[in-house]
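Coordinate-derived values only; no laboratory data. No experiment lies behind these values; they were computed from the predicted model shown. Cβ atoms come from the backbone with ideal geometry, glycine included; neighbour counts cover every protein chain shown.
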There are 2 protein chains.
Amino acid sequence: MSEVIARYAYRAKLPARETAEKIALESSTVIWKYKNRDLRKKHAARVVSATKNGATIAFPLENFGCSITKMLSAVAGEGVFYSGAAENVELADVQLPASFLRGFKGPAFGVAGIRKRLRVYKRPLFCGVVKPNIGLKPAEFAQLAYEGLAGGLDMVKDDEMQADESYSRLAQRVRLTMRALHKAEQETGEKKLYVANITDDADNIAELHDVVTENGGNAAMLNAFPAGITSASLVPKTIPLMAHFTVSASCTRIAPHVLTLLQRIAGFDIIGNPGLGKRMGSDAAKVMANAKACRGKLGSLRPSLPAFGGSDSAKTLSRYSFLGNDVMIIMGGGVYGHPRGARAGAESVRDAWLRR
Amino acid sequence: MSEVIARYAYRAKLPARETAEKIALESSTVIWKYKNRDLRKKHAARVVSATKNGATIAFPLENFGCSITKMLSAVAGEGVFYSGAAENVELADVQLPASFLRGFKGPAFGVAGIRKRLRVYKRPLFCGVVKPNIGLKPAEFAQLAYEGLAGGLDMVKDDEMQADESYSRLAQRVRLTMRALHKAEQETGEKKLYVANITDDADNIAELHDVVTENGGNAAMLNAFPAGITSASLVPKTIPLMAHFTVSASCTRIAPHVLTLLQRIAGFDIIGNPGLGKRMGSDAAKVMANAKACRGKLGSLRPSLPAFGGSDSAKTLSRYSFLGNDVMIIMGGGVYGHPRGARAGAESVRDAWLRR
């Protein structure tokens, strides 16, 4: 029988085993008897190990099937957080069986697909968040995008707070930015991507994806946490899809790399994560855990490209060298706040990479 | 100019005003200059007030428009949680202008619509979560549903961990449960509702809503947090829609009543919240804040019916009397764990209400 294995960190309020048993029961067969038939035999979650500081619990896949939403509803649900048996419960890790993963296609393009589109194989990918963004007109945005791409960025992207807005309609921004992108491609002889933000309430997401593709756009982005981790399933995946991590910092009781892993299964090709440093509270271990969730072996699913940001620049590029090449470095202020402009900012990044 | 007003609680790391200004800037016009044009005039978030322990900040509606997902991406986004200016940031409250609310229809049925369907006007509504559930066959489920409804429940509902499952397909469960429901209606002379759980990954939700209505179902439920707060927008709202709160306890940096308010705007008719008591860590103030988010004035949007659970029973019914009548009390073990069976459990609840 297939099982989802969840690891929890908590402070037990009852003896170690009893605490874990209570959480397992509350998250599966709470009331278990029907006319003397014991439903626990097939459906109870099973305690694998337990200490005062946490437990590993196995959930029968049959309880929820191949659905991220339903799996989370059990594994990080009411029973887990309100069992009364433990304090400060956190879902620290999750292992998903092949039979769960087979229910998903995962990233349609993944690392290899994005590299193929960009024809860049042996270095990290450099992405600039076009800034300023809020309030900027589409033609101005396209001009800034051009400067970053001409300077050596592989991709430019919308900020997480800029999608289809009254001050910059997505259709026009995509049309003008793609024109600028093609100009930069011709001048540099390199391929480029523009990641257009299609974030909106659930009923608008598919339509905004159409707006991007119908206007020649070649990549899209969703704020996966507020839009829903499985919102990727609402779009046809005809172009690479990126997830941005905004709002996810509000979710402190599910470990960040678990959210990243679920976004990969849900089908995001590029997954944005908090970057290194004090500002985002991420050390090398946290960054590596998110990278591993994107790139580690996961059934037959393609790896997603892990992306890290936080206003990085040429100066800070070497901080990410421990991640190897299959990574996307996202620069905001590092390129678009450069004292000599975005083109110079992008050039400084490519230059720093060559001299590393 | 319309603004969304957000109140934050935090520990400032810089002087009070400076901290708030930094958060406001990071959440709006971070880099603000384009060819000497100042984009802040129209688009910068504005500090209304600030102390060492928090701030009130006003966001121009034009920055994100009428979208819950995009509004959250700014108001509870990267800039708020990673500005570096404050620790332990929580979005404590949010006030939404009429021009934002006008973008939403809110609950299609709301309190009045549900009361009209049930023809119950002057008392709380009693709902039983059919238990056991995981592993139980549809015919057995329908039998238990019948017993609770015949005993005096107004509604029965699926558990949050039971939707369209291999051990109990939704179509068959809805068909058999509605037959049982109609039998209970005939016997009691009362109208009843069965809340069928249509939770799944985003691309399946609309289809499962169809499964419910095509099989005669008269209410549906989504686990709104893991499915996405705006997942209600994926269904046609031809029958009342309930939100369950599972997984939302993982989100500790957005106040619970803010999540409840957003679910009402998104269109849920009934919104489940953690119940009173130690198990769910909710005191009367927290319960009232959630009830107010459901029932308080909110533009021209209908009120949602606030629902509270936690294995309540006849014995604990009076605990909720401070909420008045417009409330749904959800009973699991209180009815379905009753020593003389579900029918007796439901009768004890109605009885307790009459004797209160």
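What list of ³J(HN,Hα) values in whole Hz, one per residue of the stretch A:318-326 in order, does the Karplus curve 6.51 cos²θ - 1.76 cosθ + 1.60 (θ = phi - 60°) give from phi, with Gly and Pro shown as x?
In residue order, the calculated couplings are 5, 4, 9, 4, 5, 8, x, 8, 7 Hz.
Calculate the length of the line joining the C-alpha centroid of the stretch B:269-331 to that of the stretch B:149-187, in whole Å.
The two parts, judged by their Cα centres, are 23 Å apart.
Apply 1/(1 + (r/R0)^6) to the Cβ-Cβ distance of B:ASP38 and B:ARG102, taking R0 = 22 Å, and write down the FRET efficiency to the nearest 0.05.
E(calc), rounded to 0.05, equals 0.15.
I'd like the Kirkwood hydrodynamic radius of the stretch B:225-301, using the inverse of the mean 1/r over distinct C-alpha pairs, in Å.
Its Kirkwood hydrodynamic radius stands at 13.0 Å.
Under 19 Å from a point placed 7 Å out from the Cα of A:LYS292 along the Cα-to-Cβ direction: which residues of the stretch A:238-269 have their backbone N that close?
Taking a point 7 Å out along Cα→Cβ of A:LYS292, the residues of the stretch A:238-269 whose backbone N falls under 19 Å are A:254-265.
What is the residue of chain A with the smallest Cβ distance to the axis taking A onto B, and what is that distance in whole Å?
That would be A:GLY228, 1, residue then distance in Å.
Run through the other copies and list how far each one's label point is from that of A:GLU185, in nm with one decimal, shortest first; the point sits 7 Å from Cα along Cα-Cβ.
5.9
Using a 10 Å cut-off on Cβ to Cβ distances, tally the other chain neighbours for every residue of B:250-257 and report the average as a whole number.
Across the residues of B:250-257, the mean count of other-chain Cβ atoms within 10 Å is 4.
What lysines does B:LYS315 reach when the alpha-carbon gap must be under 18 Å and sequence neighbours fewer than 8 apart in one chain are set aside?
Here the lysines satisfying the reach criterion relative to B:LYS315 are B:LYS278.
Report, for B:LYS116, each distance to the same residue's label point in the other copies, shortest first and in nm; define the point 7 Å along Cα→Cβ.
5.5
Of all the Cα-Cα pairs you can form in the protein assembly as shown, what percent are over 40 Å apart?
Result for the distance tail: 31 percent.
If a/c stays under 1.5 just call it rounded; otherwise compare a/b with b/c (prolate if a/b is bigger, oblate if not). Do that for the stretch B:3-101, with a ≥ b ≥ c from the square roots of the Cα gyration tensor eigenvalues.
Note, shape of the stretch B:3-101 comes out oblate.
Averaging the inverse of every distinct alpha carbon separation and then flipping it gives the Kirkwood radius. What is it for chain A, in angstrom units?
21.4 Å is the Kirkwood radius here.
Any idea what diffusion coefficient the stretch A:204-356 gets from Stokes-Einstein, in µm²/s, Kirkwood Rh on alpha carbon pairs, 10 °C, 1.306 mPa s?
Details: Rh = 16.4 Å.
The calculation lands on 97 µm²/s.
Between the label point of B:THR51 and that of the same position in each other copy, find the distances and list them shortest first in nm, with every label point placed 7 Å from Cα along the Cα-to-C-beta direction.
Sorted ascending, the copy-to-copy spacings read 4.1 nm.
For A:58-68, what's the mean count of beta carbons from other chains sitting within 10 Å of each residue's beta carbon?
Partner Cβ neighbours, averaged per residue: 4.
Using the Cα gyration tensor of the stretch B:98-183, with a ≥ b ≥ c the square roots of its eigenvalues, what is the shape: rounded (a/c below 1.5), prolate (a/b larger than b/c) or oblate (neither)?
It is oblate, given that a/c is not under 1.5 and a/b is not larger than b/c.
Putting +1 on Lys and Arg Cβ atoms and -1 on Asp and Glu Cβ atoms, find which of A:SER73, A:LEU25, A:LEU61 reaches farthest to the positive end of the dipole of the stretch A:3-101.
So the residue furthest toward the plus end is A:LEU25.
For the stretch A:29-72, which trypsin sites (Lys or Arg not before Pro) pass both filters: DSSP loop (anything but H, G, I, E, B) and at most 13 other C-beta atoms within 10 Å?
Taking the stretch A:29-72 and a limit of 13 other Cβ atoms within 10 Å, the loop trypsin sites (Lys or Arg not before Pro) found are A:LYS35.
Measuring from a point 7 Å past the Cα of B:LYS183 along Cα-to-C-beta, which residues in the stretch B:318-346 have an amide N at less than 16 Å?
B:342-344, by backbone N distance to the label point.
I'd like the Kirkwood hydrodynamic radius of the stretch B:77-135, using the inverse of the mean 1/r over distinct C-alpha pairs, in Å.
On the way: mean 1/r = 0.0595 Å⁻¹.
One over the average 1/r among Cα pairs gives 16.8 Å for the stretch B:77-135.
When the label point is put 7 Å from the Cα of B:TYR121 along its Cα-to-beta-carbon vector, which residues of the stretch B:292-330 have a backbone N closer than 16 Å?
Counting backbone N atoms under 16 Å from the label point, the list is B:325-326.
Please state the relative contact order of the stretch A:1-63 as a whole percent: Cα pairs under 8 Å, 6+ residues apart?
On the way: 107 pairs, mean separation 30.8, N = 63.
Dividing the mean separation by the residue count of the stretch A:1-63 yields 49 percent.
Which ³J(HN,Hα) values, rounded to whole Hz and listed in residue order, are derived for the stretch B:30-39 from phi using the Karplus coefficients 6.51, -1.76 and 1.60 in 6.51 cos²θ - 1.76 cosθ + 1.60 with θ = phi - 60°, glycine and proline given as x?
2, 9, 10, 10, 10, 6, 6, 7, 8, 6
In whole Hz, with x marking every Gly and Pro, tabulate ³J(HN,Hα) for the stretch B:336-350 from phi via Karplus 6.51 cos²θ - 1.76 cosθ + 1.60, θ = phi - 60°.
For the stretch B:336-350, the Karplus-derived couplings read 7, x, 4, x, 9, x, 5, 5, 5, x, 5, 4, 5, 5, 4 Hz, x marking Gly and Pro.
Just checking the output field for B:26-34: average partner chain Cβ neighbours within 10 Å of each residue's Cβ? Could the numbers behind the result be given before it?
On the way: counts 1, 2, 3, 7, 12, 13, 6, 3, 10.
Other-chain Cβ atoms within 10 Å of each residue's Cβ, averaged: 6.
Can you show me the helix-derived [θ] at 222 nm for chain A, built from DSSP H runs with n ≥ 4 at -39,500 (n - 2.57) apiece and divided by the number of residues, rounded to the nearest 500.
Using -39500 (n - 2.57) per qualifying helix, the result is -10500 deg cm²/dmol.
Identify all lysines with a Cα-Cα distance to A:LYS33 below 21 Å; exclude those on the same chain that are fewer than 8 residues away in sequence.
Hits, sequence-local ones excluded: A:LYS22, A:LYS41, A:LYS42, B:LYS131, B:LYS137, B:LYS157.
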